[in-house]
Amino acid sequence: MNLLRKSMMFILSFSPLYLLISIMNLAVFDRFFHKEATLSDNLFIALIVILSLTSAASLIIFAKVPSVNYIHYSTIKRPKDIVLSYLFTYIIPFVAMDLDNLGTVLANIFLFLLIWCLYVRLNLFYINPILSVFGYLSYEADGKIIITNIPYQELIHTHKLNGAYFSDEIFVAKKLANPSK
């Protein structure tokens, strides 16, 4: 189950890519809607739809994570600018992908799978631009990662949060489950 959740968060983190690739390949959608699509066009659209639906499901599941645990911490550090690194390092190369070139497509699929493997094994799912867009930032607190939509100024004065462990090192705390004092 942990692998599935982490994989879903990985797919969510790349959701801007699905939109960008779709925009760059509007001709594929045009052929699809005019019933002129090739097998590769249909596979492309099916993949975009599956990844987009998985992203939406991941966001819904994240939003509904119940607050059943708590975490104590003594110090908390501001997030690093790793989300921007993530975007430029991983998403930009995919955008340059040429869908008509099989070699480019296979190389990008391999890169995507390699990044997924690292993302899951290293517990990097907290590096997620979509969560940042929705106000959830990652903080380091006593060797653990806290993903929360609680402002930093509140976090430095609070030393206990209600939420849920996503993994042993990653804790999700929502503002609704932690009213300010």
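Counting only strands (runs of 3 or more DSSP E) that sit completely within segment 112-172, zero hold 3 or more residues that are touching a Ser or Thr at 6+ places or on another chain (Cβ under 7 Å) and open to solvent by 30 Å² or more (accessible area, probe 1.4 Å). Contact map, segment 28-57: residues that are open to solvent by 70 Å² or more (accessible area, probe 1.4 Å) paired with residues that are in a helix (DSSP H, G or I) and not small (Gly, Ala, Ser), Cβ distance under 8 Å, separation 6+ or inter-chain. Pairs shown: ARG31/ASP41; PHE32/ASP41; PHE32/ASN42; PHE32/ILE45.
If you go through segment 1-19 and keep only what is farther than 18 Å from LEU131 by Cα and either at pLDDT 90 or above or open to solvent by less than 80 Å² (accessible area, probe 1.4 Å) (or both), you end up with just ASN2. With the condition kept exactly as written, say whether any residue in segment 121-141 is among the aliphatic types (A, V, I, L, M), farther than 28 Å from ILE48 by Cα and modelled with pLDDT of 90 or more. Yes, because at least one residue in segment 121-141 is among the aliphatic types (A, V, I, L, M), farther than 28 Å from ILE48 by Cα and modelled with pLDDT of 90 or more.
The values are calculated or read from the model by the stated rules, or taken from the named source; none is laboratory data. All values reported here derive from a predicted model rather than from experimental measurement. As a convention, Cβ positions derive from the backbone with ideal geometry for all residues, glycine included, and neighbour counts pool all protein chains shown. Note: areas computed on protein heavy atoms with side chains; ligands, DNA, RNA excluded. Shrake-Rupley method; radii C 1.70, N 1.55, O 1.52, S 1.80 Å.
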